[in-house]
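Participant: The structure is given below, and queries will be raised subsequently.
The values are calculated or read from the model by the stated rules, or taken from the named source; none is laboratory data. The shown structure was predicted, so the numbers you read here are calculated from the model rather than taken from an experiment. Cβ coordinates were reconstructed from backbone atoms using ideal geometry, including for glycine residues, and neighbour counts include every protein chain displayed.
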Amino acid sequence: MNQRLSAVMITDILEKAVAGERISGEEAHQLLESRDLAAIGSAADQVSRRMHPEPYRTYNVDRNINYTNVCTAVCNFCAFYRGPKSDEGYVLPREELLKKIEETVAVGGNQILLQGGLHPKYKLDWYEEMLRDIKSRFPMVNIHGFSPPELHHFTKVNKLPIEEVLARLKEAGLGSIPGGGAEILVDRVRHELTRGKVMSDDWLNVMRVWHKLGGISTATMMFGHVETLAERVEHLQRVRDLQDETAGFTAFICWTFQPENTDLSDIPAAGSFEYLKTQAVSRLFLDNVPNIQSSWVTQGLKMGQLAMLYGANDMGSLMLEENVVAEAGTVHFLSLLQIREAIEELGFQPRQRDVFYNLVDEDLERQAIEANGGPGPKDVVQLAV
């Protein structure tokens with residue numbers, strides 16, 4: 001295929017997407033192979049503005065609480081987990097967990113991201129009790145918790161169907177499910193990256209059942225490791241297909257694999273070019289997912305801001321704590337003021353949202369600005385989930 005013909009084909013695909021027509025997996029693959037980042041980004045921005053004509057762009061204020069780092073799975077890309085016999089394993093005491101939530105509420109946060117490893121010991125009633133303890137003390141806080149790998153693990157430990165596990169956790173106070181642990185939803189990739197962790201169909205089925213129970217969730221993709229471009233597209237296709245079926249995903253977030261301090265440290269880190277292109281293609285392909293989050297934790301402030309012109313309409317979360325990505329050596333830190341200024345510099349109003357993408361009460365937003373307006377502490381980073 002000559003270069004001119006290829007450029008014409010890319011233009012045709014982009015015009016199709018901008019017009020609101022669905023592009024195919026093959027067309028998404030062609031876009032990922034293309035080097036025309038400017039044209040792909042411009043098309044993604046046009047689609048984002050069509051889907052979000054409002055004068056504002058959003059962000060969230062929450063805290064990522066890892067209630068345990070003990071995990072029976074072995075993931076080559078993870079620097080955070082500790083095996084069940086490790087001296088460095090922990091389970092947060094309940095009062096410490098509640099104290100973290102209290103601190104979050106005090107600075108205008110309205111959500112916690114509650115995730116852990118695949119702990120071999122605790123039964124479902126332990127998690128139900130934890131949820132009830134949180135909701136009894138903080139009924140206004142949404143618990144965005146337990147990624148599909150954890151939830152699938154609960155079915156194994158308790159010998160219960162996923163339908164019962166999710167129904168019981170929902171009754172106990174689980175509000176929404178993060179899209180963590182997706183990596184790439186292709187079993188070849190998952191077999192190469194991890195042992196003892198949920199495979200693609202079961203990850204998707206956790207989300208399917210949750211959506212059918214009336215719940216919402218996010219979808220994610222961690223790329224730039226052992227996957228091919230075709231497998232990246234297959235991941236996006238599976239997310240789009242499930243969204244066609246259930247309409248339960250509120251947002252999609254992708255980020256680049258951070259190899260430092262992992263068993264895959266020999267893999268060169270994917271750069272900003274690949275990040276922006278992949279996010280833009282995601283916006284063009286996922287025509288049924290309403291929101292795309294920028295993930296500045298792996299790229300820094302300026303690239304995170306630029307991502308808002310490559311298909312994203314949300315700057316992600318200011319987190320008052322984050323441990324998983326930090327263990328891999330990622331060290332980008334932003335204050336709430338920096339996040340708001342980044343949005344304003346693009347000509348939009350910055351607005352705080354909740355997990356459902358509703359704008360929060362202006363009093364709560366002011367509280368968060370006053371509490372977080374200065375330079376952020378060293379443990380404030382963002383993890384797009």
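For (1) farther than 30 Å from residue 141 by Cβ; (2) in a helix (DSSP H, G or I); (3) touching a helix residue (DSSP H, G or I) at 6+ places or on another chain (Cβ under 7 Å); (4) of a type in the set (Phe, Trp, Tyr), each residue gets a yes or a no:
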| residue | (1), (2), (3), (4) |
| --- | --- |
| 6 | yes, yes, no, no |
| 13 | yes, yes, yes, no |
| 16 | yes, yes, no, no |
| 28 | yes, yes, yes, no |
| 32 | yes, yes, yes, no |
| 46 | yes, yes, yes, no |
| 53 | yes, no, no, no |
| 63 | no, no, yes, no |
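Quick grid of which residues meet (1) modelled with pLDDT of 95 or more; (2) under 27 Å from residue 357 (Cβ atoms); (3) more than 23 Å from the chain's Cα centre (by Cα):
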residue	(1), (2), (3)
26	yes, no, yes
36	yes, no, yes
39	yes, no, yes
58	yes, yes, no
67	no, yes, no
77	no, no, no
85	no, no, yes
89	no, no, yes
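Participant: Of the residues 47, 91, 107, which is closer than 23 Å to residue 308 by Cα and not acidic (Asp, Glu)?
Facilitator: 47
Participant: Would you check which residues across region 149-175 are at pLDDT 95 or above and crowded, with 22+ Cβ neighbours inside 10 Å and list them?
Facilitator: Listed by number, the residues that qualify are 151, 165, 166, 169, 174.
Participant: Another one. Residue 110 versus (1) of a type outside the set (A, V, I, L, M, F, W, C); (2) in contact with a helix residue (DSSP H, G or I) (Cβ under 7 Å, 6 or more places away or on another chain); (3) surrounded by fewer than 18 Cβ atoms within 10 Å (Cβ to Cβ); (4) touching a residue at least 60 places away in the same chain (Cβ under 8 Å): which is the lone unmet condition?
Facilitator: Checking residue 110 against (1) of a type outside the set (A, V, I, L, M, F, W, C); (2) in contact with a helix residue (DSSP H, G or I) (Cβ under 7 Å, 6 or more places away or on another chain); (3) surrounded by fewer than 18 Cβ atoms within 10 Å (Cβ to Cβ); (4) touching a residue at least 60 places away in the same chain (Cβ under 8 Å), the one that fails is (3).
Participant: Could you give every pair whose Cβ atoms fall below 9 Å, whose first residue belongs to region 247-269 and is more than 21 Å from residue 314 (Cβ to Cβ), and whose second residue is part of a strand (DSSP E or B) and among the basic types (Lys, Arg), counting only separations of at least 6 or pairs across chains?
Facilitator: Listed pairs, sorted by first residue: none to list.
Participant: Does residue 136 fit the bill of being crowded, with 19+ Cβ neighbours inside 10 Å and closer than 29 Å to residue 352 by Cβ?
Facilitator: No: the conditions fail for residue 136.
Participant: Follow-up. What number of residues within region 256-293 are touching a strand residue (DSSP E or B) at 6+ places or on another chain (Cβ under 6 Å), outside any helix (DSSP H, G or I) and modelled with pLDDT of 95 or more?
Facilitator: Selection size over region 256-293: 5.
Participant: A further question on this structure: Can you confirm whether region 188-203 contains a residue that is in contact (Cβ under 8 Å) with a residue 60 or more places away in the chain and either under 17 Å from the mean Cα position of the chain (by Cα) or under 22 Å from residue 129 (Cβ atoms) (or both)?
Facilitator: No - not one qualifying residue is present in region 188-203.
Participant: Moving on to the next point. Looking at region 113-213, what helices (runs of 4 or more DSSP H) fall wholly within it and have at least 2 residues that are in contact with a strand residue (DSSP E or B) (Cβ under 8 Å, 6 or more places away or on another chain)?
Facilitator: 124-137, 148-158, 200-212
Participant: If you take the residues of region 34-44 that are assigned to a loop (DSSP other than H, G, I, E, B) and either in contact (Cβ under 8 Å) with a residue 24 or more places away in the chain or among the hydrophobic types (A, V, I, L, M, F, W, C) (or both), which of them is farthest from residue 308 (Cα to Cα)?
Facilitator: Filtering region 34-44 for residues that are assigned to a loop (DSSP other than H, G, I, E, B) and either in contact (Cβ under 8 Å) with a residue 24 or more places away in the chain or among the hydrophobic types (A, V, I, L, M, F, W, C) (or both), the one farthest from residue 308 (Cα to Cα) comes out as 34.
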